[in-house]
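First the structure, in the form of structure tokens, and then the observations on it.
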Amino acid sequence: MIFEAILLGLSTGTYCTMYCAPVLIPFLSGAEKISYKKNSGLIGAFLGGRLVMYFILGAVFSTAGLVVNSYMDPVLARKLSVYAYIFCGLALLVNSLGVKFPWGCGNANACSNGCHSPKLRYIGNDWVTAICSGLAVGLHVCPPLWTAILRSIFGGKGLSGLFYFILFYIGTLPFFIPLFGIPFVAKRLPAIKRVARITQFCVSLYFMIFLGLMTLIFG
């Protein structure tokens, strides 16, 4: 059972990378005053938010009686993904505008590290963004996650099911190891921070508008 749970987590690694990399790479690369400690903390906050959302989904699905089904409703999964893109894009946008606006404002001294919007600075700080984006990304329900929910405490397996779910999650973590080296690259190539900030801004709009709102309205 232990190996099954871990291997199930490993099997979803590419799925996790597909949704997490466009969020984490520009976000972490463009973070202010980045250090190995802060970078590790932000990764932990993101992963913690993702795990919390998995537990929320498991609890909701089991309460609604959906866990008795062998297959996740694809329509429901698609709707959850749409909302995930909207909420994640909003978190990245607020962070981009509030903490590290990606371009200058005409004052070289004031904008040496990016312009700030005081009203958005606190609600869009790096730590809040890491947690909120982690929660949002957790809304993407993949087949391995659905299998883990069925096999876990949410499927009535009790304490052993809880360990199964946690081990499944641990199995997804090796794919995030390269992210811990971002400070090494960012400190040696300062231009990456500026590129990352602009990329984050563009990704946030793409998530919100094209993958989120347009799909919600016209899909």
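Reported to the nearest whole Å, the Cα centre-to-centre distance from segment 47-86 to segment 199-219 is 20. Applying Stokes-Einstein at 37 °C and 0.692 mPa s to the Kirkwood radius of segment 145-191, computed over alpha-carbon pairs, gives a translational diffusion coefficient of 259 µm² s⁻¹.
Each Cα pair under 8 Å and six or more residues apart adds its sequence gap; the mean of these over the residue count of segment 2-218 is a relative contact order of 40 percent. Per-residue Karplus couplings for segment 51-68, computed as 6.51 cos²θ - 1.76 cosθ + 1.60 with θ equal to phi - 60°, are listed in order as 5, 4, 5, 4, 5, 4, 4, x, 5, 5, 5, 5, 5, 7, x, 6, 5, 6 Hz, Gly and Pro entered as x. Size descriptor for segment 1-52, Kirkwood hydrodynamic radius: 12.5 Å (Cα pairs only, one decimal). Between I56 and A191, the FRET efficiency estimated from the beta carbon spacing at R0 = 30 angstrom works out to 0.15. Peptide packing for 23-29, 34-40 was compared via the average number of neighbouring C-beta atoms within 10 Å per residue; ordered from the highest value, the list is 23-29, 34-40. Along its principal axes, segment 2-218 has C-alpha extents of 60, 40, 25 angstrom, given from the largest down.
Arrange T147, T63 by Cβ neighbour counts within 10 Å, fewest through most, would you? Before the final figure, lay out the partial values.
Working: T147 20, T63 10.
Ordered by Cβ neighbours within 10 Å, fewest first: T63, T147.
Sequence-ordered 3J(HN,Hα) estimates for segment 80-93 from the Karplus curve with 6.51, -1.76 and 1.60 and θ = phi - 60° stand at 4, 5, 4, 5, 4, 5, 5, 5, 5, x, 5, 4, 5, 5 Hz, glycine and proline given as x. The Kirkwood hydrodynamic radius of segment 174-219, based on inverse pair distances between different Cα atoms, is 12.7 Å.
Counted by neighbouring Cβ atoms within 10 Å, the residues M214, M72 run from fewest to most as M214, M72.
For the chain, set up a Gaussian network in which alpha carbons nearer than 10 Å are linked by springs, and say which option among G156, G44, G65 fluctuates the most. Of the options given, G65 has the highest mean-square fluctuation. A straight chain from L205 to L162 at 0.36 nm per residue would run longer than the Cα-Cα distance by 11.8 nm.
Can you compute the helix-only [θ] at 222 nm over the chain? Use -39500 (n - 2.57) per DSSP H run of at least 4 residues, normalise by all residues, nearest 500 deg cm²/dmol.
-21500 deg cm²/dmol, from helical runs alone.
Read the figures in this text as sums done on the coordinates, not as results from a lab. Bear in mind the structure is a predicted one, so any value in this text is a computation, not a measurement. Neighbour counts run over all protein chains shown; Cβ positions are idealised from the backbone, glycine included.
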